[in-house]
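Please read the structure below before turning to the comments.
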Amino acid sequence: MDNRQIADHLDAFASLLELADANPYTIRAYRRAADTIRGVPIPVVELVRSGRGRELRGIGPGIEARLRELVETGNFAELAELERELSPDLVGLGRYLGLGAKRSIEIAQSLGVRTAEELREAAAGGRLRTVPGIGPKTEARLLEALAREAEPRPRHGLLLGRAMELVGGVAAALDGEAAGDVRRRRDSCERLAVVCAARDPRPALERFAALPQIVALVEQGERRAVGVTVEGVPLELIAAEPGRFGTALARATGSPAYVAALEPLAAAPDEEMVYAALELPWCPPELREEPFRGAPPVLVEPDQIRGDLHSHTRWSAGRASVEEMGLAARERGYDYLAICDHTPAVGAVRGLTPDDVGRQAEEIAAANELLAPFRVLRGIECDILPDGRLDLPDQILAELEWVQASVHGGQRMPRREMTKRVEEALRNPYVRCLSHPTGRYINRRAENALDLERVFEVALQEGVALEVNGLPDRLDLSGEHIRDALRAGVQVVCSTDAHSVAGLSNMALSVATARRGWATPQNVLNTRPLPAILDRRRPAD
Ligand SMILES: [Zn+2]
Ligand SMILES: [Zn+2]
């Protein structure tokens, strides 16, 4: 069992605990342990066998005991038991009816049903009232809710970061490739698919059904199967004949509209040959959203990023010190890292006062001595106050090398006021970049009412860049908005907004989003060396 497989088991357990309404701290502890194990360069099996599992960060006695069981038996009892007990679609339906996971399962057991479909049938047959604790009133309420359930509901996909991990894990286990929304790097993924090549599809289908990420198969054909993950999301496996792998991969990658415009596709073992048969250059998956046939631009690549310009430390919302963050950024091969802690108006966490900015400067200078020629930049994530002024005086901002301006509180402002507020901040001569410009949280909070066209115009005049924030639930600007910003002539910055050393790895999500916005390396400011970052250029200058 390798580190990845161990981590997948812990993730599966965490998701089942989530379904079972377990304590959120426990769930987070398992997810974090899975992350740690994925990132460890040595075989965790050996550590656990020699009784040293707890030397790993975030692994306490409870998780260690389960790791031991996992290493010895290939599974752990509680995981198997939860998998037996919890039917994800049943729990999902229960949630929709306003029932906790435990109550859903009690009801299901009392009715002798195992799936959402069977529960619906039992309810329609008038059997709900036979369940202890359900009287006529509750029955009527549940039946009414079930009737409403037939109406279409907005679907919520998985965040790209989680979807990449899930689908990537399944693809790796089957020697296949991630396809679907994940391969196109959509910010919220609904169509999850893996394509593998197999002369005989049976072993691949069997391995798929046995994966810890898949809790149940809902469809099975000769060369394809659909499984449901613990999150209740369907994941499709296509076991293509080797000679048609490229064709199957292109089709499963989508988008449906893009593929439909290319059809008919030739049978070919790889995608390049599929495109060659169409007399087209291969197209990066991130651009396959709308029908598109021309020559694709040369998109920015992750290894072209020279530094990260938005990160936090223990001075505000972060978990690591300036030195730890700088060291981790240097290890990634970067030339620079901007420390951008919050200012007081952010409210929820501590923010830096003018005095703090001075004291942090000493810590940054010390880190720079240690890390040279790598450079830690003195930055700030300065709140934009409701009237458009910034949360620190200009003479403090003038000392800094990189100023991010951010709207945090008061996001429900009407469009005109919000646009004026942001515009005002962009006109401040020390602001270099607008953080998470729309303020959205994917699937949770809509974008702020903001006239982006106007923002792009002012950003261009003032030489301010717009951020592509890499936090998995932000990815802000989105691909579509990035494309508009680039058309307007504005530069973007790919940043992580890292709150920990591990958070620096979200650069992959930021760059993927920039690619969805058709960004070339020239469009992304932090593909440039440090002098270009420090030297503010304004078209008007
Ligand atoms: Zn922020
Ligand atoms: Zn931030």
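The values are calculated or read from the model by the stated rules, or taken from the named source; none is laboratory data. Small disclaimer: the values here were computed from a predicted structure and weren't measured. Backbone-built Cβ (ideal geometry, glycine too); neighbour counts: all protein chains shown. For the accessible areas, the whole protein counts, side chains as well, though only heavy atoms, and no ligand, DNA or RNA atoms are used. Shrake-Rupley method; radii C 1.70, N 1.55, O 1.52, S 1.80 Å.
For a quick size check, give me the Cα extents of segment 1-151 along its three principal axes, largest first, whole Å.
Cα spread of segment 1-151 along its principal axes, largest to smallest: 58, 25, 23 Å.
Measuring from centroid to centroid over Cα atoms, what is the spacing of segment 115-147 and segment 225-266 in Å?
Segment 115-147 and segment 225-266 have Cα centres spaced 38 Å from each other.
Using Cα atoms only, what is the angle between the long axis of helix 452-462 and the major principal axis of the chain, expressed in degrees (0 to 90) to the nearest 10?
30 degrees
For segment 484-541, what Kirkwood radius comes out of the mean inverse Cα-Cα distance, in Å?
Its Kirkwood hydrodynamic radius stands at 12.7 Å.
Tell me the angle of helix 3-19 to the major Cα principal axis of the chain, expressed in degrees between 0 and 90 and rounded to the nearest ten.
The helix 3-19 is inclined about 80 degrees to the chain.
Stretch Arg207-Arg359 to full length: gain in nm at 0.36 nm per residue minus the Cα-Cα span?
49.1 nm
Just to confirm the filter: which trypsin sites (Lys or Arg not before Pro) across segment 414-466 are DSSP coil and have at most 14 other Cβ within 10 angstrom of their Cβ?
Working: sites: Arg415, Arg416, Lys420, Arg421, Arg427, Arg432, Arg440, Arg444, Arg445, Arg454; in loops: Arg427, Arg432, Arg440, Arg444.
Listed in order of number, the matching sites are Arg427, Arg444.
Order Glu219, Glu121, Glu289, most accessible first, counting only protein heavy atoms with a 1.4 angstrom probe.
Listed by decreasing accessible area, they come as Glu121, Glu219, Glu289.
Using just the helices of the chain, give the 222 nm mean residue ellipticity in deg cm²/dmol: DSSP H runs with n ≥ 4 each add -39,500 (n - 2.57), and the total is spread over all residues, rounded to 500.
Here the helix-only value at 222 nm equals -12500 deg cm²/dmol.
Once you have the alpha carbon radius of gyration of segment 282-421, what is it after dividing by 2.2 N^0.38 Å, with N set to its residue count?
Ratio of Cα Rg to 2.2 N^0.38 Å: 1.29.
Running Debye on segment 358-411 with equal point scatterers at the Cα sites and no solvent, what base-10 log of I(q)/I(0) appears at q = 0.17 Å⁻¹?
Results for segment 358-411 at q = 0.17 Å⁻¹ read -0.61.
I want the antiparallel fraction of DSSP beta bridges within segment 411-541, as a percent rounded to 5.
Counting DSSP beta bridges with both partners in segment 411-541, the antiparallel share is about 20 percent.
Nearest 5 is fine: what % of DSSP beta bridges in the chain come out antiparallel, could you say?
Among the beta bridges of the chain, antiparallel pairing accounts for roughly 40 percent.
Beyond 25 Å, what share of the Cα-Cα pairs of segment 380-486 remains, rounded to the nearest whole percent?
Above the 25 Å cut-off, segment 380-486 has 12 percent of its Cα pairs.
Could I get the Rg over Rh figure for segment 188-234? Both from C-alpha atoms, Rh via Kirkwood, rounded to two places.
Checking Rg against Rh, the ratio lands at 0.96.
Of Asp535, Asp356, which has the most accessible area with a 1.4 Å probe, and how do the rest follow in descending order?
Asp535, Asp356
Mind checking the angle between helix 24-39 and the chain's longest principal axis? C-alpha axes, 0 to 90 degrees, to the nearest 10.
The angle comes out near 70 degrees.
Ignoring ligands and nucleic acids, what accessible area does Arg350 show with a 1.4 Å probe (Å², nearest 10)?
Approximately 120 Å² of Arg350 is accessible to the 1.4 Å probe.
Assuming 0.36 nm per residue, please report the length gained on full extension of the stretch Glu480 to Glu69 beyond their Cα-Cα distance.
143.3 nm
According to the square roots a ≥ b ≥ c of the eigenvalues of the Cα gyration tensor, what is the shape class of segment 202-344, taking rounded for a/c under 1.5, prolate for a/b larger than b/c otherwise, and oblate for the remainder?
Note, shape of segment 202-344 comes out oblate.
Based on the Kirkwood radius over alpha-carbon pairs, what is the Stokes-Einstein translational diffusion coefficient of segment 248-321 at 4 °C with 1.567 mPa s viscosity, in µm²/s?
86 µm²/s
Residues of the chain: accessible area per residue at 1.4 Å, in Å²? Working shown, then result.
On the way: 24460 Å² over 541 residues.
Result: 45 Å² of accessible area for each residue.
What three numbers, in Å, describe the spread of the alpha carbons of segment 94-140 along their principal axes, ordered from the longest?
Sorted largest first, the three principal extents are 21, 18, 17 Å.
Can you give the Rg to Rh ratio for segment 437-541, taking only C-alpha atoms and Rh from Kirkwood?
Values: Rg = 13.5 Å, Rh = 14.0 Å.
Here Rg/Rh amounts to 0.96.
Just the number, please: Stokes-Einstein D of the chain in µm²/s, Kirkwood Rh from C-alpha pairs, 10 °C, 1.306 mPa s.
It comes out at roughly 62 µm²/s.
Tell me the label-point distance for the pair Arg314, Gln395, using the 7 Å Cα-to-Cβ offset, in nm and rounded to one decimal.
It works out to 3.1 nm between the two label points.
Can you pull the accessible area of Ser406 for me, 1.4 Å probe, Å² to the nearest 10?
The value for Ser406 is about 0 Å².
Using only C-alpha positions, report the orientation-averaged shadow area of the convex hull of segment 166-272, nm², one decimal.
6.4 nm²
At q = 0.08, 0.18, 0.19 Å⁻¹, work out log10 I(q)/I(0) for segment 100-254 with the Debye formula, treating every Cα as an identical point scatterer and leaving solvent out; two decimals please.
Ignoring solvent entirely, the Cα scatterers give -0.32, -1.00, -1.06.
Accessible area of the chain with a 1.4 Å probe: how many percent of it is carbon plus sulfur?
Summing carbon and sulfur atoms, their accessible area is 51 percent of the total for the chain.
Would you tell me the accessible area of Tyr441, worked out with a 1.4 angstrom probe on the heavy atoms of the protein chains, in Å² to the nearest 10?
Using a 1.4 Å probe on the heavy atoms, I get roughly 60 Å².
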